[in-house]
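The values are calculated or read from the model by the stated rules, or taken from the named source; none is laboratory data. Every value quoted in this text rests on a predicted model; they were computed, and no experiment measured them. Using ideal geometry, Cβ is built from the backbone for each residue, glycine included, and neighbour counts are taken over all protein chains shown. Note: accessible area is taken over every heavy atom of the protein model, side chains too, but ligands, DNA and RNA are not part of it. Shrake-Rupley method; radii C 1.70, N 1.55, O 1.52, S 1.80 Å.
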Amino acid sequence: MMTRPQQGRTHRLTRPSIAIAAAVAVTAGVVAAAPDAKTAEPTPKLSLIAASTSVTLDSWKDDPGVYLDLGTYLTSENGAFELKVTRKSYKDPVVATQVLRNGKKTTTKALPAGLVKDFSGLPGFAQVSVTDAAGKTVLKQTEAFCPNNASGRIRPDAPAQSKYPQSCPVNPFTLGSVWGVENGWASNTYAGYYAKPVQLAAGTYTAKISVTKKYRDLFGIANKPQTVKVTVRERSWEEEEGSGSAARNAAPQSAKSAAGTQGHAGHAGHGGHEGHQQATDAPAASAHAAHGAPARPEAPAARTTGAAPTFNVGHGPYPPAPPALPWALKKESLQRQAFSAAKVGDRAGQTDGSRQAPGAKANAKRPTGKATVPDVPKPDLRSLPAYGITVSDGYEDVPGKDYLAFSANVWNAGPAKLVVDGFRSPGKELMDAYQYFYDAKGKQVGYTPTGTMEWDPRPGHEHWHFTDFASYRLLKADKKESVRSGKEAFCLANTDAVDYTVKNANWHPGNTDLSTACGQENSISVREVLDVGSGDTYTQDLPGQSFDITGLPNGTYYIQVLANPENRLKETNHKNNSALRKVVLGGKKGARTVQVPAHDLVNAN
C-alpha cells in the first residue's frame, strides 16, 4: 500500500526546454584519446562544457519561477571521476574520498574535512551569474552538483553504460554512497529539483557558469567559464490548454528549443488510498524543432529519493533528481562538434533515466525436495530511524482523531540479496512464501518456507504483500509498547540507496517501484527482492497505519521500526533489526504537536 503526493500545478512543470540542437565548441580535451590509450593520465581530467550556446526557459503565470537548467556538463576523460561518501554512524560526520584507478592499481585521496555534509552532492560546486539585456547582474548564486546525474556519453568509444548510480540519495539516514562520472561521459551540473526556482521576468539574459575555485583547485579543473544566452518566456497553462496545437504552432520556432522530457507517475509511499498506480511513459517531444516549438513537456514525476535506476520512481518523501537528457556527440568535421538530440529512452550507449526497470522474474513452480538453509551469504535486514514525522487529524475517515504519521525504512546490508517467492495454491487466498539462497556464483543452493503473501483487493492497492516483513510501535518513555501500527504486510521494492559502499551492493537494482514487483490478481507466482545496499521506504500516513495518539498524554515517546519481527526470514544478524526515534508530543486534542529532536548528528524530522 502506498500514497502519492497531491499534484497541483506546482508539480506540473519544473524542467525547462533546453537547446540541444545548436553547435557548441568542444575543447580537444572532451574528445581525447580512448581510456585505454597508453598516454592516459593516472587521474581523470574534468572539464566544464556547455551543450548549447542558448536555452529557452519557461516561467508559468500560475507558478512563477524559472529553473536554471542551463545545459552545462562536467565531463570526465582519462578515467572515471569517482567519490566514495560515507559515515561510520549517525554520531560521525560525513566524509568523502576520491577513488583513483590506474589499471589494477587503486589509490584514494581524502577530500577536505567538512567539505561534504550530506549525500546529495558537492555543495557550492557551480557559480552561476545572470545579467539582463542592459548588462546589469540580476542573479548570482552557487549550486550543488550530483556527479551521478549522468546524461550520457560524449564519445562513441566510451563505455556503453555508466557503472555509477543515477542519482544522489537524500534520505536523511543514508549511510554510504558512491558518486561518479563515467570515463567519456558527462553529468549535468544543474542541481535540479534540489534547487529553488529563481525569479526572472520574461526577456533575454546572459548566464555565466563556472566551477568554483575550491573545486578547480581540488580536482584540477581548468578555469574556463561557459556563457549561455537565456530567453525567458512567460506561459500560462490555461492558454496552452485552450489553444491546443494552434498555440504550439504559433510559438517561436527555433532549432534551439527542442528538448522533451519523459517522466513517470511515481509513488510517494506504500501508505494509503491512492495506492498503487503504475508508472506510464509520457510522449517524448519531437526533436525536430525546426518544424515548430516543442510540445508541452510532461509534468515531473512524483517525489522519490532517487535510489533507483530511474530518476522518476520511488516512495520516499523527498523530491527527485532531475530526469537526465541524453546527449550524443556527433562528429561533423575536425573543426566542428555538435550535440544533437537523441530519442528519449534507455538503450545501449544511452541512459536518460526514462525507462522503468523490469522486476525480477519469479519461478514458475514452487520448489521441490527438502527445504535447506545452506551455509552461504545471507541478507542482513536493518532498520533506519523514522523520519518525515508529522501529526494530522483523521480526515473524513475518522473525524475527531489525532494521528502521528511517519516514514520508515528497512534496508539490506548484505552481503546477499533478499529473494522471496510466493506461490499460489488453487482455492486459497494466500500465497505460500519461500526464501531462496545462492552461492558465490549466483547458483540457487537452497530454500526455506518463510510465511505467506496476501492479496490486497482494495481499489488503489491491488497487489501482493509479503506478511510480517516489518512492524512499527510507538513506545512510552520507558520504551515499553504503547501503540502499534496496523501496517505490517508489504510489497518489497528498492526505493532508497541507503549504503552503496557495503560489500556486494547493487548500484543498479531492478525492482524499484511497486509496478515492477507486486504482481497481479491472477499471478500464479510473485518474486520480491530487496537488493544489497538498498532499502524500502513506507510512508505511514493514514489511519490504520499511523499511530492513533488521540488519547495519549503529552510527553516523550519513541517510534520503533522493527524489521523481520517474527524472525521468519533467515539473515546474518537478528540483533540489529530495531531502530528508535525520539519524539515529544504536545498540544491539545484536535491540535496536537510533535517535536522531533536530532538523532545524533542527523537533524531532520
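Arrange the peptides 435-447, 103-115, 379-391 so that the one whose residues have, on average, the most other Cβ atoms within 10 Å appears first. Walk me through the numbers on the way to the answer.
On the way: 435-447: 15.2, 103-115: 10.6, 379-391: 22.7.
Sorting 435-447, 103-115, 379-391 by mean packing, highest first, produces 379-391, 435-447, 103-115.
Please turn the phi angles of the stretch 406-414 into ³J(HN,Hα) values with the Karplus equation 6.51 cos²θ - 1.76 cosθ + 1.60 (θ = phi - 60°), one per residue in order, whole Hz, x for glycine and proline.
6, 10, 9, 9, 10, 10, 10, 8, x
Show the residues, 5+ positions off or on another chain, whose built amide H is closer than 5 Å to the amide H of N102.
So N102 has HN proximity to T107.
Could you check the spin-label model distance between K589 and E429? Points 7 Å from the Cα along Cα→Cβ, value in nm.
Each label point lies 7 Å from its Cα, and together they span 3.4 nm.
Over the stretch 545-605, average the accessible area per residue using a 1.4 Å probe and give it in Å², no decimals.
50 Å²
Once you order the gyration tensor axes a ≥ b ≥ c over the Cα atoms, which shape class does the stretch 86-161 get: rounded for a/c under 1.5, otherwise prolate or oblate by comparing a/b with b/c? Mind showing how you got there, number by number?
Working: a/c = 2.81, a/b = 1.33, b/c = 2.11.
Oblate.
Once you have the Cα-Cα distance between E454 and S236, take 0.36 nm times their residue separation minus that, and quote the gain in nm to one decimal.
Working: separation 218, 0.36 × 218 = 78.48 nm, distance 4.63 nm.
That works out to 73.8 nm of additional length.
For R484, which sequence-distant residues (separation of 5 or more, or a different chain) have an amide H within less than 5 Å of its own amide H, given hydrogens modelled in the peptide plane?
Residues meeting the criterion, in which the H sits 1.01 Å from N, are L474.
Return a single number: how many Lys pairs in the stretch 89-242, at a sequence separation of 8 or more or on separate chains, have alpha-carbon atoms below 22 angstrom apart.
Here the count comes out as 26.
Classify the stretch 73-214: rounded, prolate or oblate, from the alpha-carbon gyration tensor (a ≥ b ≥ c, eigenvalue square roots; a/c under 1.5 rounded; otherwise prolate if a/b is larger than b/c)? All intermediate terms of the calculation are to be shown ahead of the outcome.
Details: a/c = 2.21, a/b = 1.43, b/c = 1.54.
Oblate is the answer for the stretch 73-214, as a/c is 1.5 or above yet b/c matches or exceeds a/b.
K401: which lysines have alpha carbons under 30 Å from its alpha carbon, excluding same-chain residues fewer than 8 sequence positions away?
The qualifying lysines are K476, K479, K480, K487, K582, K588, K589.
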